[in-house]
Every structure is written in structure tokens, then in C-alpha cells.
């Protein structure tokens, strides 16, 4: 018998009769489960995750999920919290070597034009925002993430313009995920540069 996407309903069902999966010392199990949950969320969406899918992806016994997490909603919330923490740290690192507007525009343009790793992160970000529409408990995460992003961007422009730039980036990234005809990089770069130029003109 199999569960969603062909995952065995009982992960130990395929083992020879009379045998059981050996228990192992696994101090990183909780973190691995959270990372597996994020992979499943990116692949199947919030509506498609199950304990069994996550346990199979993490290669842990099903019971260990209910040991570490009180419910699937608790597991999902903690996975999203881990995701936001990691994304905030990554966003900080992107700007470590930025010293002028030209470099800033290049970093932000790269952010919009998604590679495979960035695409998965963007998908997870929008899954989180969609889940937060239905689960008010997740909105603190989305708000904290937004505030952090704007705080980082405000190092290079005004706080008001950082908010506009953040909104522009979110819209561009969503378009990049959904479009069948990718936007030329030059167009993306020009839109970002124009937003920064407007802030400088307003301040002058």
C-alpha cells in the first residue's frame, strides 16, 4: 500500500518479516525533518504535505515527527520559521560587498533572475505568504521577514524607498516564477535603477 506520490504507507512494510529499522543516534534529526518539510512544501505546496511524505524525505521513522512536533501545523510553522531565519541571513550576505549603487543594482537584478536554488526559495516564500492568508499565526513571520528585508535595503536608500523597492522586487520575483516569457535582464535592471534614482531625486 502506498501513500501520496508513491510513498509507502508504512516505511517499514518493505523490510523482511521479523526485522525493524535499526534506531540510530541522530542529534540532527529535528533539523533534518524541518529541512525535509521545506523540500516537501516547495514540491507539493502547503495543501500537499503529510507526515508520511516528510518522514520519507527525511529518512526518519514516522513516529519521530509526532515526538518532536505536536501537529502537522506545528511542524509546518517551525519549518517556515527556519526558512525565514535562513533567508534573512542569506539576504544579509548578498550585500556584504556592495559599496555603490551600481553593485546594488546588480545584486538586486540577480535576485530577480532566478537560478534553481533561488527558484525553490521563492516558491517557498510565496507558499508561506499564501499560508499566512489563512493562518494568522504565520503572519508574524511574514511581517518580520518584510521588516528585515526593508531594513537591509534602507542601508542604501531611504526607508520609504526601501519599502517601495521591496514591493517591486516581490512583484518581479512572482512574475519570474509565473511567466512563460522571461523578462529581459536589461528591463529588470532598468526598473530597479529607476526606483533608486527616483529616491535620490526626491531627496535632492
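What to note about this one:
- If R0 equals 35 Å, the separation of the Cβ atoms of residue 50 and residue 99 corresponds to a calculated FRET efficiency of about 0.15.
- Three-way shape label, segment 77-204, alpha-carbon gyration tensor, a/c 1.5: prolate
- Summarising the label geometry, the points placed 7 Å from Cα in the beta-carbon direction at residue 71 and residue 179 lie 4.1 nm from one another.
- Note on residue 106 and residue 123: the model spin-label points, each 7 Å out from Cα along the C-beta direction, lie 3.0 nm apart.
- If you sort the three axes of the alpha carbon gyration tensor as a ≥ b ≥ c, you get a/c of 1.5 or more for segment 135-191 and a/b no higher than b/c, which makes it oblate.
Read-outs: derived from the displayed coordinates by stated rules, not from any lab. Predicted model, so just to flag it, every value in this text is computed and none were measured. All Cβ positions, even for glycine, are placed from backbone atoms using ideal geometry, and neighbour counts span all protein chains on display.
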